[in-house]
1. Enumerate the pairs (first residue in the stretch 156-167 and over 13 Å from PHE139 (Cβ atoms); second residue anywhere and open to solvent by 40 Å² or more (accessible area, probe 1.4 Å) and of a type in the set (Val, Ile, Thr)) with beta-carbon separation below 7 Å, excluding pairs fewer than 6 apart on the same chain, so at least 6 apart or on different chains.
2. Filter the stretch 133-155 down to the residues that are in contact (Cβ under 8 Å) with a residue 24 or more places away in the chain and part of a loop (DSSP other than H, G, I, E, B), then identify the one that is most open to solvent (accessible area, probe 1.4 Å).
3. Considering each residue of the stretch 69-82, count those that are open to solvent by 70 Å² or more (accessible area, probe 1.4 Å) and without any contact (Cβ under 8 Å) to a residue 12 or more places away in the chain, and give that number.
4. State yes or no: is THR168 open to solvent by 50 Å² or more (accessible area, probe 1.4 Å), within 16 Å of the chain's Cα centre (by Cα) and modelled with pLDDT of 75 or more?
5. What number of residues within the stretch 63-104 are modelled with pLDDT under 80 and in contact with a Leu (Cβ under 8 Å, 6 or more places away or on another chain)?
6. Given the options LEU66, LEU34, name the one that is crowded, with 19+ Cβ neighbours inside 10 Å and in contact (Cβ under 8 Å) with a residue 24 or more places away in the chain.
7. Could you please tell me which pairs satisfy a Cβ distance under 7 Å, a separation of 6+ or placement on different chains, a first residue in the stretch 3-15 that is surrounded by fewer than 12 Cβ atoms within 10 Å (Cβ to Cβ), and a second residue that is outside any helix (DSSP H, G or I)?
8. For the stretch 16-31, give me each residue that is open to solvent by 20 Å² or more (accessible area, probe 1.4 Å) and either part of a helix (DSSP H, G or I) or touching a Cys at 6+ places or on another chain (Cβ under 9 Å) (or both).
Amino acid sequence: MSASHEHNINLILLLQKGDEEAFTNLINTYHKPLFIYALNLCKDHDTAEDIVQNTFLKTWKYRKKLNPDLPIKNLLYKSTFNNFISHYRKEKPFQSIEDTYIEAINETIDEDNGEMLAKKIAMVTQGIEELPKKCKEIFLLSKQDGLTNIEIAEYLNISVKTVEGQITKAYRILRDLIGSQLKEILFILFDIMK
């Protein structure tokens, strides 16, 4: 048994007994990374704080049901993501989001890769910032502002073909950074924010 696995078991057993010091240590260890993760998802400081606080409250409330054999870290990331989705459902009508996207996002956020998703979101955000100026402008007008290719062409006084070419170029650059999960990451970054 590894030291980290043994530590995980001991921590969960202490939490199950209601040990407040263990709970404080849990918060001190995971608050910052979970906050960064939540902030990457929702792009709002106060909302991210609420989501993380809710994660810890639920962890404490259901501490007796925690499984000592499962890493608490994975549970915290999964819970944070679920709290983000719950918050979003309350705040925005869910009609515009297709179930397939939600399923794809849930697959992207399995119990083992919460931190990896946060890193990928940060990489895509950075990648967008580093796109060539015109490419970035067109891509953001399309994805962030929701303009059609024709609207972008009229707005920038360029051809629709140029718009299409720049969006394709942006996708190619970003896909090289992220791979097959690009669509889900962009969905989290832009569509949920609308």
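1. Hits for this filter: VAL160/ILE150.
2. Of everything passing the filter in the stretch 133-155, GLN144 is most open to solvent (accessible area, probe 1.4 Å).
3. The number of residues fulfilling the criteria is 0.
4. no
5. Residues flagged as modelled with pLDDT under 80 and in contact with a Leu (Cβ under 8 Å, 6 or more places away or on another chain) within the stretch 63-104 amount to 0.
6. Details: LEU66 fails: crowded, with 19+ Cβ neighbours inside 10 Å.
After ruling out the rest, the residue left standing is LEU34.
7. Once the first residue is surrounded by fewer than 12 Cβ atoms within 10 Å (Cβ to Cβ) and sits in the stretch 3-15, no partner that is outside any helix (DSSP H, G or I) comes close enough.
8. Narrowing the stretch 16-31 to residues open to solvent by 20 Å² or more (accessible area, probe 1.4 Å): 16-21, 23-25, 27-31.
Those that are open to solvent by 20 Å² or more (accessible area, probe 1.4 Å) and either part of a helix (DSSP H, G or I) or touching a Cys at 6+ places or on another chain (Cβ under 9 Å) (or both): GLN16, GLU20, GLU21, PHE23, THR24, ASN25, ILE27, ASN28, THR29, TYR30, HIS31.
The values are calculated or read from the model by the stated rules, or taken from the named source; none is laboratory data. Keep in mind the model is a prediction, meaning the values are calculated, not measured. Please note: Cβ atoms are built from the backbone with ideal geometry, for glycine as well, and neighbour counts cover all protein chains shown. Areas reflect the complete protein model, heavy atoms only, side chains present, ligands, DNA and RNA absent. Shrake-Rupley method; radii C 1.70, N 1.55, O 1.52, S 1.80 Å.
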